[in-house]
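Bear in mind these aren't lab numbers, they're just calculated from the coordinates by the rules spelled out. Here the structure is a predicted model, which means the values were calculated and not measured. Positions of Cβ are generated from backbone atoms using ideal geometry, with glycine treated the same way; all protein chains shown enter the neighbour counts.
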Amino acid sequence: MSPNQIRAEKLLNFPNNVNYKAKMTLDVVMSIESALGKSIMKVATKLSEADVPMHDVLIILTLAIRGGGNNIKDNDVKTLINEMGLVEAIKMCGDLLGLALSSGDEIDEKKSEL
């Protein structure tokens, strides 16, 4: 099954042919906000300003991957981040946050076409 951007899904590709489906549902977004103590907009802004701690990156990736139906532990995600590199992990978080913030717009556009 391929990821569905309208449902805020994305296939995350890690080194060594490791792939996980991630999902940025409202529940995932709320969990990220709760874990980080700030709104998703502030998280995205901090990320765009290159002012995001790696702990935040770990939380975003872990919760998004779990949202995709995967039972993954923090330590597993740390290993994936270590293998892919910090910059790539930050870029991946940016993609996920962008997907979360834009997925509602795409749904609205589809409805207006009907």
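Here are a few things to note about the model shown:
- Charged neighbours of residue 45, selected by a Cβ distance under 14 Å, balance to -1 (K, R count +1; D, E count -1).
- Sum of side-chain charges, residue 82 neighbourhood, beta-carbon under 12 Å (Lys, Arg +1; Asp, Glu -1): -2
- Share of pairwise Cα-Cα distances greater than 19 Å in segment 5-113 is 40 percent (whole percent).
- Table column - 3J(HN,Hα) (Hz), segment 80-92, Karplus curve with 6.51, -1.76, 1.60, x for Gly and Pro: 4, 4, 4, 6, 8, x, 5, 5, 5, 5, 5, 4, 4
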